[in-house]
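Comments concern the structure below.
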Amino acid sequence: MAGRRGPRMLVAALAAAALLLAGACGDDDGGDDAAGTTSTTAAQDGSDDEGDVGGLYGDDTTEDDATTETASVELAETDLGEVLVSDGMTLYIFTEDSDGASTCYEGCATTWPPLLTSAEGEVEVGEGLDADLFDTSLRDDGTSQVTVDGRPLYFYAPDEAPGDVTGQGVGGVWFVVGADGAPIETSA
């Protein structure tokens, strides 16, 4: 049975990636709500009603599931050079976020889980990183999301292993982040 699951997961991940490339979270077709945040749908961000796309965060992941006491951010080597990671998994910024506030919720947050910390301001940074670049911002649901240089940080659910950077450039709005807090907009 295990041998059959791998190809199905690969096909599902490839289908999700195709959907994301066709209409990534942040596409202007999502519309704006009264607060000026971008609304997204499952079709735009590649998620479905079955839980997250990549399986990394478990089925029916909620933002509370991703909360840790103290978030940690380190540097790790990838095909794109040294980038920010947490627990080995690549972190991304969403260029549609503004003023340090996340605009990625619902289906978008399933595909792009935020890096959360339960204690506001509690972020441990690894060697080679400037702790002054890291902070938190309050999400609409009351959780604290880690930011770098004022940009909220996210994981990408289809990334399966440390070093994966499959979310790089998705929709032209999602990018890995270098040690200086700036997005790296090159491709592998």
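Some points to look at:
- Other residues within the sphere of radius under 11 Å centred on the Cβ of I93, judged by their own Cβ, net out at -3 (K and R +1, D and E -1).
- Estimated vicinal HN-Hα couplings, Hz - the stretch 104-113 in sequence order (Karplus 6.51, -1.76, 1.60; Gly, Pro = x): 9, 9, 6, x, 4, 6, 6, 6, 10, x
- Amide hydrogen neighbours beyond the local backbone of T136, cut-off 5 Å, H modeled: G121, T147
- Arranged from fewest to most other beta-carbon atoms within 10 Å of their beta carbon, W112, W174 become W174, W112.
- Were the residues from T186 through E69 laid out at 0.36 nm apart, the gain over their Cα-Cα distance would be 38.8 nm.
- Remark: T147, T90 ranked as T147, T90, counting other beta-carbon atoms within 10 Å and listing the fewest first.
- 3J(HN,Hα) couplings calculated from phi for the stretch 125-134 with the Karplus curve 6.51 cos²θ - 1.76 cosθ + 1.60 (θ = phi - 60°) are, in sequence order, 10, x, 4, x, 10, 8, 4, 5, 7, 9 Hz; Gly and Pro show x.
- Radius 12 Å from Cβ of G181, net charge of other residues (Lys, Arg +1; Asp, Glu -1): -4
Every number in this text was worked out from the coordinates using simple rules, so none of it is lab data. Everything quoted here is computed from the prediction, not taken from an experiment. Positions of Cβ are backbone-derived with ideal geometry, glycine not excepted, and every protein chain shown enters the neighbour counts.
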